[in-house]
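Some notes on the structure that comes next.
Values in this text are rule-based calculations from the coordinates and carry no lab data. The structure presented is a predicted model; accordingly, all values stated were derived computationally and were not measured. Cβ coordinates were reconstructed from backbone atoms using ideal geometry, including for glycine residues, and neighbour counts include every protein chain displayed.
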Amino acid sequence: MEFIEIMKAIILGIIEGITEWLPVSSTGHMILVDEFLQLNMSPAFKEMFFVVIQLGAIMAVVVLYWKKIFPFNFQYKQNNKPFVKMDIMTLWFKILVATIPAAIVGVLFDDVIDEMFYNQIVVAGALIIYGILFIVVERWNKGRRPIITKVHDITYQTAIIIGIFQLLAAIIPGTSRSGATIVGALIIGVSRGAAAEFTFYLAIPVMFGASLIKIIKFGFGFSALEAGILLTGMITAFIVSLFVIKFLMGYIKKHDFKVFGWYRIILGVLVLGYFALAG
C-alpha cells in the first residue's frame, strides 16, 4: 500500500512539474487528476499536499536563476563590487509589491476560497474561459512591439498590475498563476520573455507563503508515510521543473501561447462532458 501511494506521489509530482510553468493551471490539473488517481490519505493532508508540492517546483527557479535573484556579493573584497546588488534588490522590492494583492486575499479568505471554488466544474470553466482569453490576447498582441523587454525594466506600477492579474489565479483554480500573470503582462506591454521570467520570480514568495499557510493549518505532526509522500512529490516536481522551465523559455522565443489556449479549451470541454455523463 505504501509503495502504491509513493508511486502516486511521483506521478503527481511529474504532473505538477509540467503544469506549474506551462500556462495550463497546475492546481486545476491536480484537482482533476485526484478524481482518477486518488491518494489514499486524509482530506486535510491532500489539501495541504496539492499546494505544498508546488514548493518543489518553485525551488527549480531558485536553482536555475540563482545568480539573477541572489542580491548579495560575498566576494565583494575580491571583485571590488558592492556587497548588495541594488538592481537585484530593487527587483525583489517589485516582486514583493506584486505579491500584495494575492497575499491579502490568501490570508483573509483561504478557507472561503477552498470551500467555494475547489471543484471540477469551476476548474473546467476557468480552463475554457482563460483558454479563450489566451487566444484573443495573443491575436490582439500579434505585431505589437512590447514597451518592456527586460525584467529589470518592469516598474512598480507594472508590478502591482501583474499582481492583480495573479490574484485571479489565487481565487479561482484552473486559471493558472503563470497564465494569468503572463496574459496580464502582455496586455500592458511586457514582452513574452520578460513576462515569463518575472512570473517565475513572483512564484517564489507566493508559493513559500501559500505553503506556509497550508502547513500551519495542517500541523507539523506528519506521519512517516505523509512525510515520505510529500517529499517524494516535491522532489519529483523539482526535477521535472528544471527541464520544463528551460523548454518554456526556449519555446517562447519562437512561439506564442495560443497552443496552450486551445489545450485549455479542449481539456475544459472534456472535463465538463465527463462529469455531465458521470453525474
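Structure summary
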| item | result |
| --- | --- |
| FRET efficiency, 1/(1 + (r/R0)^6) with R0 30 Å, evaluated for LYS46 and LYS67 via beta carbons | 0.25 |
| Out-of-range pairs (alpha-carbon distance over 23 Å; input LYS67/LYS217; LYS150/LYS254; LYS8/LYS46) | LYS67/LYS217 |
| Length-normalised contact order for the chain - Cα pairs under 8 Å, 6+ apart - percent | 38 percent |
| Helix-only mean residue ellipticity at 222 nm for the chain, each DSSP H run of n ≥ 4 adding -39500 (n - 2.57), per residue, nearest 500 | -26000 deg cm²/dmol |
| Test item: Cα-centred dipole of the chain, Lys/Arg +1 and Asp/Glu -1 on Cβ, debye | 1500 debye |
| Per-selection Kirkwood Rh - the stretch 165-254 (Cα, Å, 1 d.p.) | 15.0 Å |
| Sequence of ARG139, ARG192 once ranked by neighbouring C-beta atoms within 10 Å, starting from the fewest | ARG139, ARG192 |
| Nitroxide proxy distance, nm - points 7 Å out along Cα→Cβ at PHE243 and ILE160 | 4.2 nm |
| Span from the the stretch 32-90 Cα centroid across to the the stretch 122-175 one, whole angstrom | 21 Å |
| Set of lysines with alpha-carbon distance to LYS258 below 21 Å, sequence-local pairs under 8 removed | LYS142, LYS246 |
| Eligible aspartates and glutamates near LYS214 by straight Cα distance, threshold 13 Å, same-chain separation 8 or greater | GLU47, ASP110, ASP111, ASP114 |
| Of the trypsin sites (Lys or Arg not before Pro) in the stretch 231-279, those whose Cβ has at most 10 other Cβ within 10 Å and which sit in DSSP loop | LYS253, LYS254 |
| Most positive-pole-ward Cα, ILE213, LEU127, TYR201, against dipole of the stretch 2-278 from beta carbon charges | TYR201 |
| Gyration tensor (alpha-carbon) shape descriptor, the stretch 47-151, a/c threshold 1.5 | oblate |
